[in-house]
Amino acid sequence: MSDATDTDARDGQTDAALAEFIRRLPKAELHLHIEGTLEPELLLELGRRNGVDLPCSSAEECRARYRFNDLQHFLDIYYEGVQVLVTEQDFSDLTAAYVRRVAADGARHVEVFFDPQSHVPRGVPFADVVGGITRALRDAETELGVSWRLIMCFLRDRPAAEAMEMLELALPHRDVIAGVGLDSAEVGHPPAEFAEVYARAREAGFVAVAHAGEEGPPQYISDALDVLKVRRIDHGVAAIEDEALQRRLAELRVPLTMCPLSNLELQVTPDLSLHPLKRLLDAGLVVTVNSDDPAYFDGYLLDNYLAVQRALGLSHADLAQLARNSITASLLPDARKAELITEIDHVAAGT
Ligand code: HPA
Ligand code: ZN
């Protein structure tokens, strides 16, 4: 027998009511590249402000280029876009726009990635990148009540020695940078290349996370756990191919920060109805929903929840569980997690 909690949340409900239910669930966004929130309008404005030539001259023209064959195709366009980010103010404007947008989706906490290697080698001081992002995050915390953590990512298709240099630059900012991550082109760049950098980062007190199993094999997920000793896996789509790995992730309660619209746009999954999110959730994994690079993948946090709800027929209980998982998987203190989870329980129970 099935009760109301495991039926499709869309049954008997308007799209607007469903969106409102999800919006009201307190949520954390845990997989978000701040450079991937650069909307074409701001891209063009900053290009003009900083005298950077761009391959498109209207927002429509820029958006028309966002049809991606794979991760590398996206990365080529994303790294082109980051060139317009030059001053501390640019990073602050970018971040302020994102937090306003995600707060409107009902996000109460964000864990934001940034890529210092996209900026420092161009001559942008590390302190300006971190200063601009944190200024906007602090303001948003005061004005919108959205708490935050900052995670710096190493580009895995660049030498590990360069990552080590970034880590040295980050040490004076240890008070505002909570963790390290690993992003960019995955295939051919296994986690083990970064073992030493991660060991040093963990020693310095940074939390470790890593992208794994986006385009790469399940082995990269196991290696991220064994070699980099990460506490979370970003993406982890390939876990669906390995049941023993799924059991390990479930038992150890290692969260997966999944990004459904990203996976669709980068052709990691050919169709959202085939996305493994629901199967992994049902297998007991701590699965979360996130937007990755929302300006490029046509959807912010709430859009991602709505897209998987529709494609996979998620119930209200599934949606509440995804919100709970996002809080559990976050770097928030336990007492704050408990408060937010109590709020989720009330929203889910309609009380
Ligand atoms: N995957 C890997 N690296 C990235 C991504 C992504 O989706 N977005 C920004 N850097
Ligand atoms: Zn990502």
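Modelled spin-label separation between residue 72 and residue 17, with each label point placed 7 Å from Cα along the Cα-to-Cβ direction: 4.9 nm. Under a model in which nothing but the beta-carbon of Lys, Arg (+1) and Asp, Glu (-1) is charged, region 3-349 shows a dipole of about 760 debye around its Cα centre. The lysines whose alpha-carbon is closer than 24 Å to the alpha-carbon of residue 278, local same-chain residues fewer than 8 away aside, are 27, 337. Values of log10 I(q)/I(0) for region 19-62 across q = 0.15, 0.20, 0.27, 0.33 Å⁻¹ run -0.57, -0.71, -0.94, -1.15, by the Debye formula with one identical scatterer at each alpha carbon and no solvent.
Under the combined filter of DSSP loop state and at most 12 neighbouring Cβ atoms within 10 Å, region 116-195 retains these trypsin sites (Lys or Arg not before Pro): 174. For the chain, 153, 259 have no disulfide-compatible partner, since no other Cys C-beta lies under 4.7 Å from theirs. Distance between the modelled labels on residue 6 and residue 173, one decimal in nanometres: 4.7 nm (7 Å Cα→Cβ projection).
Where Lys and Arg each count +1 and Asp and Glu each count -1, what net charge lies around residue 240 among other residues with Cβ under 15 Å from its Cβ?
Values: positive: 247, 248, 278, 279; negative: 214, 215, 241, 242, 243, 271, 282.
Within the 15 Å Cβ shell, the charges total -3.
Remark on region 308-351: ratio of C-alpha radius of gyration to 2.2 N^0.38 Å is 1.23. For region 182-306, the share of alpha carbon pairs falling in successive 5 Å distance bins from zero is 2, 12, 22, 24, 20, 14, 6, 1, 0 percent. Only helices enter the 222 nm calculation for the chain: every DSSP H run of n ≥ 4 contributes -39,500 (n - 2.57), and dividing by all residues gives -14500 deg cm²/dmol, rounded to 500. For region 1-80, the spherically averaged projection of the C-alpha convex hull amounts to 9.0 nm². A Cα-only calculation for region 247-299 places Rg and Dmax at 11.8, 35 Å. Overall dimensions of region 3-349, expressed as equivalent-ellipsoid semi-axes from the Cα gyration tensor (√(5λ), whole Å, largest first), are 29, 24, 20. In loop segments of region 244-351 as defined by DSSP, the trypsin sites (Lys or Arg not before Pro) with at most 15 further C-beta atoms inside 10 Å of their C-beta are 253.
A short reminder: the numbers here are calculations on the coordinates, not readings from a lab. Note that the structure is predicted; figures quoted are calculated from it, not measured. A quick note on method: Cβ atoms are made from the backbone with ideal geometry, for glycine too, and the neighbour counts reach across all protein chains shown.
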